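Following: one structure in structure tokens, then a few remarks.
The values are calculated or read from the model by the stated rules, or taken from the named source; none is laboratory data. Remember, it's a predicted structure, so these values are computed and weren't measured experimentally. Cβ atoms come from the backbone with ideal geometry, glycine included; neighbour counts cover every protein chain shown.
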Amino acid sequence: MESALPNNLRKQRTKLGLTQKEAAAKLGIGSASYQRYESGTREPNLETLCKLADIFNTSTDYLLGRSSRSIPTFSENSKDDKWAKLGTILSTSEKEKVIKALTD
């Protein structure tokens with residue numbers, strides 16, 4: 001079975017408007033190493049996979065093809081406001097349920 005990782009890495013990188021060289025720099029590796037991840041000739045170790053998920057603001061499950069939805073994640077390493085992000089992914093009805101659960 002072919003790995004979904006190379007394709008999903010490419011999708012997330014281009015979605016953010018990054019070049020392979022920029023993605024590699026964010027990851028702290030050489031661009032040739034990163035290119036191997038996208039070509040499927042090399043797989044990242046667990047630590048690198050987690051860093052990739054943080055950089056691309058998605059889950060490791062999505063990158064690995066275990067989930068078909070790229071949902072933003074809220075890593076402890078994220079510098080963005082987690083609550084502001086949450087408001088952008090929840091539907092109105094989901095927001096109402098959260099507010100009801102917190103206020104009841």
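For the stretch 1-33, the set of residues classified as surrounded by 14 or more Cβ atoms within 10 Å (Cβ to Cβ), within 14 Å of the chain's Cα centre (by Cα) and polar (S, T, N, Q) consists of 7, 8, 12, listed by residue number.
Each row is one residue, and each column tells you yes or no for (1) surrounded by 16 or more Cβ atoms within 10 Å (Cβ to Cβ); (2) within 23 Å of residue 26 (Cα to Cα); (3) modelled with pLDDT of 75 or more.
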site: 46; (1), (2), (3): no, yes, yes
site: 56; (1), (2), (3): yes, yes, yes
site: 76; (1), (2), (3): no, yes, no
site: 80; (1), (2), (3): no, yes, no
site: 93; (1), (2), (3): no, no, yes
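Contact annotation: residue pairs with Cβ atoms under 8 Å, 6 or more positions apart or on different chains, pairing a residue in the stretch 24-48 that is within 19 Å of residue 14 (Cβ to Cβ) with a partner that is charged (D, E, K, R) and assigned to a loop (DSSP other than H, G, I, E, B), are 33/42; 36/42; 37/43; 40/2.
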